[in-house]
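Remarks on the structure that follows.
The values are calculated or read from the model by the stated rules, or taken from the named source; none is laboratory data. What you see is a predicted model; the values in this text were computed from it and never measured. Cβ coordinates were reconstructed from backbone atoms using ideal geometry, including for glycine residues, and neighbour counts include every protein chain displayed.
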Ligand code: PA5
């Protein structure tokens with residue numbers, strides 16, 4: 001379970017004064033009558049998910065692991081960020097003895113696409129193309145290139161090395177997969193892209209990367225219980241949601257999501273999509289930004305400490321590192337670092353976090369929300385998903401907005417299609 005500390009958040013209102021509003025909104029979420037109620041399938045997914053499909057995911061992942069050097073995950077936005085966030089957080093950036101996961105379909109950058117295609121050339125390749133609509137241009141472009149590559153490389157065998165995760169019945173990808181005989185997995189109708197990491201969208205790439213997906217689902221299922229009580233004293237996800245609303249009332253329009261683990265950078269990218277797409281609408285919302293400390297203390301840290309007071313920080317701390325090491329001793333100590341010899345590097349990381357909190361909160365006057373997760377395990381990732389899902393649903397509904405649509409992302413597409421000459 002994640003824990004929440006609001007003692008450094010400089011809240012000018014009592015969180016508990018929102019209890020009645022939270023109760024009402026929680027009721028609408030629970031009985032699926034809230035705004036966007038068609039997309040609340042994530043609430044009961046831990047009980048509802050298809051166990052047979054889950055078994056098929058494990059079998060497919062085993063095949064990929066046994067025969068492949070590389071799995072290309074081809075998707076964008078909600079069809080990409082969750083899997084990458086999970087894989088990098090749980091396995092670390094340079095995992096040993098795992099098949100390599102490469103990402104495509106998330107950009108129009110010709111240089112990137114060309115380099116990836118060159119990189120996978122001599123390797124044993126599997127492809128997981130992920131798209132609910134099947135028409136997302138970045139993904140469709142990359143998949144066309146990948147499909148031709150796979151057919152040239154493997155001939156008829158190509159279709160057994162391509163796996164499609166898409167809508168159960170509709171869309172061009174579904175039709176193509178059926179025609180070509182690709183194995184398919186389903187993106188449920190009632191779970192939107194940014195909540196879909198808990199479905200085959202996230203779970204198949206995770207399983208292929210050697211992650212314990214049973215533990216991931218258990219963490220998510222436990223989170224369903226742990227963050228379900230509307231009582232603000234008992235629900236840290238809802239307390240966090242209310243604290244964000246209070247801070248926005250105090251004039252803070254930017255939330256800087258901070259972590260101290262390099263392998264959590266993609267968690268921040270996933271969180272930014274979840275929060276930005278859910279809340280940034282109707283002229284409302286808090287702009288989600290992120291920083292990876294202590295790295296970014298040497299860049300953004302200046303602004304946080306001394307710049308315009310537009311932001312508050314939400315720190316996602318981790319109790320147990322994946323691996324700890326100790327500072328080495330040096331006989332000559334010419335760099336003067338021996339005062340740390342024999343000490344834990346993770347302990348130093350935690351001291352950096354403590355010193356930063358004091359600097360930003362006390363000297364800089366920045367409100368700080370502290371969230372702590374026990375470790376970077378599959379279980380804790382699953383649990384964290386439910387924490388942030390519940391928090392963003394509550395906080396957005398408190399604004400009176402629909403947390404589950406994203407009408408704003410269509411505008412650029414219309415312009416782009418016109419410029420590209422799409423009929
Ligand atoms: O949250 C969302 O809905 C989006 O980020 C989509 O996931 C993203 O645009 C990809 O869409 P699709 O899965 O249809 O290719």
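Could you pull out the residue among 175, 158 that is crowded, with 18+ Cβ neighbours inside 10 Å and not in a loop (DSSP other than H, G, I, E, B)?
Criteria check complete, one pass: 158.
Listed here are the residues, each with its yes/no results for (1) more than 24 Å from residue 273 (Cα to Cα); (2) surrounded by fewer than 24 Cβ atoms within 10 Å (Cβ to Cβ); (3) free of Cβ contacts under 8 Å to residues at least 40 places away in the same chain.
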| position | (1), (2), (3) |
| --- | --- |
| 181 | yes, yes, yes |
| 205 | no, no, no |
| 212 | yes, yes, no |
| 227 | no, yes, no |
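Among the residues of the stretch 41-48, is there at least one that is part of a helix (DSSP H, G or I), away from the ligand (no atom under 13 Å from the Cβ), exposed (fewer than 15 other Cβ atoms within 10 Å of the Cβ) and over 22 Å from the mean Cα position of the chain (by Cα)? Steps first, please.
Quick first cut of the stretch 41-48, residues part of a helix (DSSP H, G or I) only: 41-43, 45-48.
Okay, now just the ones that are also away from the ligand (no atom under 13 Å from the Cβ), so 41, 43, 45-48.
If we keep only those that are exposed (fewer than 15 other Cβ atoms within 10 Å of the Cβ) as well, we get 47-48.
Still in the running and over 22 Å from the mean Cα position of the chain (by Cα): none.
Scanning the stretch 41-48 turns up no residue that is part of a helix (DSSP H, G or I), away from the ligand (no atom under 13 Å from the Cβ), exposed (fewer than 15 other Cβ atoms within 10 Å of the Cβ) and over 22 Å from the mean Cα position of the chain (by Cα).
Please find, within the stretch 135-155, the residue that is surrounded by the fewest Cβ atoms within 10 Å (Cβ to Cβ) out of those that are within 24 Å of residue 53 (Cβ to Cβ) and within 12 Å of the ligand (Cβ to nearest atom).
135
Can you tell me which of 265, 273 is away from the ligand (no atom under 16 Å from the Cβ) and closer than 21 Å to residue 387 by Cα?
265
May I ask you to list pairs of residues, at least six apart or on different chains, whose Cβ atoms are under 7 Å apart, with the first in the stretch 133-150 being more than 19 Å from residue 416 (Cα to Cα) and the second being surrounded by fewer than 20 Cβ atoms within 10 Å (Cβ to Cβ)?
145/113; 145/117; 149/117
Restricting to the stretch 268-291, what's the tally of residues that are touching a strand residue (DSSP E or B) at 6+ places or on another chain (Cβ under 6 Å) and crowded, with 19+ Cβ neighbours inside 10 Å?
Looking only at the stretch 268-291, we keep the residues that are touching a strand residue (DSSP E or B) at 6+ places or on another chain (Cβ under 6 Å), and these are 268, 271-272, 275-276, 286-291.
Checking which are crowded, with 19+ Cβ neighbours inside 10 Å leaves us with 268, 271, 275-276, 286, 288, 290-291.
Count: 8.
Mind checking which residues of the stretch 34-71 are without any contact (Cβ under 8 Å) to a residue 60 or more places away in the chain and in contact with a helix residue (DSSP H, G or I) (Cβ under 6 Å, 6 or more places away or on another chain)?
Of everything in the stretch 34-71, just one residue is without any contact (Cβ under 8 Å) to a residue 60 or more places away in the chain and in contact with a helix residue (DSSP H, G or I) (Cβ under 6 Å, 6 or more places away or on another chain), namely 70.
Among the listed residues 112, 126, identify the single one that is in contact with a strand residue (DSSP E or B) (Cβ under 9 Å, 6 or more places away or on another chain), assigned to a helix (DSSP H, G or I) and modelled with pLDDT of 95 or more. Break it down into steps so the answer makes sense when it comes.
Values: 126 fails: assigned to a helix (DSSP H, G or I).
When all the criteria are applied, what remains is 112.
Being modelled with pLDDT of 95 or more and within 26 Å of the chain's Cα centre (by Cα) is the filter; apply it to the stretch 8-32 and report the residue that is surrounded by the fewest Cβ atoms within 10 Å (Cβ to Cβ). Write out each step before concluding.
Taking the stretch 8-32 and keeping what is modelled with pLDDT of 95 or more, we get 8-29.
Still in the running and within 26 Å of the chain's Cα centre (by Cα): 8-9, 22, 25-26, 28-29.
On the way: 8: 19, 9: 25, 22: 22, 25: 21, 26: 21, 28: 14, 29: 19.
So, considering only residues that are modelled with pLDDT of 95 or more and within 26 Å of the chain's Cα centre (by Cα), the one surrounded by the fewest Cβ atoms within 10 Å (Cβ to Cβ) is 28.
Restricting the search to the stretch 96-109, which residues are away from the ligand (no atom under 16 Å from the Cβ), crowded, with 18+ Cβ neighbours inside 10 Å and assigned to a loop (DSSP other than H, G, I, E, B)?
Answer for the stretch 96-109, where residues must be away from the ligand (no atom under 16 Å from the Cβ), crowded, with 18+ Cβ neighbours inside 10 Å and assigned to a loop (DSSP other than H, G, I, E, B): just 99.
Any residue at all in the stretch 72-83 that is more than 16 Å from the ligand (Cβ to nearest atom) and either on the phi > 0 side of the Ramachandran plot or in contact (Cβ under 8 Å) with a residue 40 or more places away in the chain (or both)? Reasoning before the result, please.
Of all residues in the stretch 72-83, those more than 16 Å from the ligand (Cβ to nearest atom) come to none.
Among the residues of the stretch 72-83, not one is more than 16 Å from the ligand (Cβ to nearest atom) and either on the phi > 0 side of the Ramachandran plot or in contact (Cβ under 8 Å) with a residue 40 or more places away in the chain (or both), which makes the answer no.
Take residue 334 and tell me if it is under 30 Å from residue 247 (Cα atoms), over 27 Å from the mean Cα position of the chain (by Cα) and not in a helix (DSSP H, G or I). Before you say what the answer is, go through the steps one by one.
Working: under 30 Å from residue 247 (Cα atoms): no; over 27 Å from the mean Cα position of the chain (by Cα): yes; not in a helix (DSSP H, G or I): yes.
It is false that residue 334 is under 30 Å from residue 247 (Cα atoms), over 27 Å from the mean Cα position of the chain (by Cα) and not in a helix (DSSP H, G or I).
Going through the stretch 393-415 one residue at a time, which ones are more than 12 Å from the ligand (Cβ to nearest atom) and either farther than 19 Å from residue 24 by Cβ or part of a helix (DSSP H, G or I) (or both)? Outline the logic, then answer.
Residues of the stretch 393-415 more than 12 Å from the ligand (Cβ to nearest atom): 393-402, 411, 414-415.
Correct list: 393, 394, 395, 396, 397, 398, 411, 414, 415.
Looking for something within 13 Å of the ligand (Cβ to nearest atom) and surrounded by fewer than 19 Cβ atoms within 10 Å (Cβ to Cβ) - is there at least one such residue anywhere in the stretch 115-134? Spell out how you get there, then give the answer.
Just the residues of the stretch 115-134 that are within 13 Å of the ligand (Cβ to nearest atom), to begin with: 128-134.
Still in the running and surrounded by fewer than 19 Cβ atoms within 10 Å (Cβ to Cβ): 133.
Yes - at least one qualifying residue is present in the stretch 115-134.
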